[in-house]
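None of the figures in this text is laboratory data; all of them are computed from the coordinates on show. What you see is a predicted model, and the numbers here were worked out from it, not measured in a lab. Glycine gets a Cβ as well: all are built from the backbone with ideal geometry, and neighbour counts include every protein chain shown.
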Amino acid sequence: MVTSLFISRSLHRRMSFLKKFSVITAVSAALLAALIAYLQSLPAENQAWNIRMAESAPDNRATLKEANEGCFIVGYTGEVGKVLVQEILKNQVFKRVVLIGRRKVEFDDDVMKSVEQHVVDFDKLDEYKETFQGIDQGFCCLGTTRGKAGAKGFVKVDYDYVMNTARLAKEGGVKHFHLVSSGGANKNSSLLYTQTKGRVEADVSDLGFDRVSIYRPAVLMCDRTEKRSGEGVLRTLLKPIAYFAPTLASIPTTTVAKAMVNIAASPKEKDVIILENKALHQIAGAAQ
């Protein structure tokens with residue numbers, strides 16, 4: 001009798017706990033959903049201009065094509081860089097496309113074979129000044145991680161290599177410099193990654209280009225060739241959020257590349273523009 005009473009009370013307490021837990025979980029989920037919906041509804045900076053750039057992209061791209069401009073791309077084997085090469089060549093918006101990197105890439109597609117490839121040593125980039133001359137626009141997609149390269153190696157690639165590339169591009173006559181940065185970039189950050197990204201944004205902007213366009217994508221949705229610790233798990237967790245709030249915390253690399261080409265083809269808005277994740281979706285025509 002005593003045993004039965006004890007079991008009954010234990011079950012009652014357990015059921016009471018489960019009910020409370022279910023209520024707390026349901027309320028938390030509802031609050032999280034409301035927060036996501038609210039953040040998704042917030043307008044991007046210069047939203048009307050972003051959408052206008054997407055709508056005028058076909059005409060702008062045609063104008064760029066007629067201008068017979070040339071461009072270079074560094075970081076063309078990375079996740080954004082390789083789809084950017086495809087976007088540029090598929091649409092044939094530049095008369096001349098120069099890939100500058102540490103190694104040549106073998107392409108099977110005949111369209112891809114039309115590019116020029118120049119192998120350089122980024123530690124001795126000044127020896128390759130002529131590579132950057134006579135080109136109108138430059139795209140910098142260089143980047144690594146602290147986990148792969150260590151703290152010093154990360155700064156070398158994401159700051160030193162980027163700055164040397166930008167400096168030689170400016171000296172070579174490039175008018176419009178495009179820099180792939182990262183969401184959260186802030187030169188005053190206490191975190192090495194976001195601080196370095198913020199520093200290089202500021203210092204590239206001060207070089208005196210006619211135009212600088214800075215892209216701050218959130219988590220890149222793609223199947224990385226190079227596996228980064230934890231990033232695959234993060235992308236998996238973000239997939240349901242991306243379904244309901246596609247511009248909030250992630251972006252496909254193809255969307256980034258399309259936005260970059262649309263900006264390359266667009267009329268100048270101001271000397272330096274910084275485009276956050278939602279703006280990139282809008283400029284690519286992937287969101288309103």
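According to the Cα gyration tensor, what semi-axes, each the square root of 5 times an eigenvalue, does the equivalent ellipsoid of the stretch 41-115 have, listed from largest to smallest in whole Å? Please report the intermediate quantities before stating the final value.
Details: eigenvalues 149, 57, 21 Å².
Semi-axes (√(5λ), whole Å): 27, 17, 10.
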Open item on the list: I need the shape label for the stretch 46-283. Rule: rounded when a/c is under 1.5, else prolate if a/b > b/c, else oblate, with a, b, c from the alpha carbon gyration tensor.
Closed with: rounded
- [ ] Could you work out the per residue convex hull volume over the alpha carbons of the stretch 136-184, in cubic angstrom?
- [x] 69
Open item on the list: Please give the Cα centre distance for the stretch 93-112 versus the stretch 180-205, rounded to the nearest Å.
Closed with: 29
Task: Ordering of 62-70, 129-137, 210-218 by packing [mean C-beta count within 10 Å, highest first] - done: 210-218, 129-137, 62-70
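Below 8 Å, C-alpha to C-alpha, sequence gap of six or more: please give me the relative contact order for the stretch 46-283 in percent.
Numbers: 408 pairs, mean separation 53.4, N = 238.
Relative contact order of the stretch 46-283: 22 percent.
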TODO: Would you work out which of M112, W49, L64 lies farthest towards the positive end of the dipole of the stretch 46-283? Charges go on Cβ: Lys and Arg +1, Asp and Glu -1.
DONE: W49
Open item on the list: If the reach is capped at under 18 angstrom between alpha carbons, list the lysines near K148, excluding any in the same chain fewer than eight residues apart.
Closed with: K156, K197, K227
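In debye to the nearest 20, how big a dipole does the stretch 46-283 give about its Cα centre with +1 on each Lys and Arg Cβ and -1 on each Asp and Glu Cβ?
Values: 34 positive and 30 negative charges, 128 e Å.
So the dipole magnitude of the stretch 46-283 works out to roughly 620 debye.
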Open item on the list: Test of understanding: what is the full-extension gain from Q92 to A67, defined as 0.36 nm times their sequence separation minus their Cα-Cα distance?
Closed with: 7.8 nm
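Do you know the relative contact order of the stretch 50-128, to the nearest whole percent, from alpha carbon pairs under 8 angstrom that are 6+ apart? Show your work: numbers first, answer last.
On the way: 84 pairs, mean separation 20.9, N = 79.
For the stretch 50-128, the relative contact order is 26 percent.
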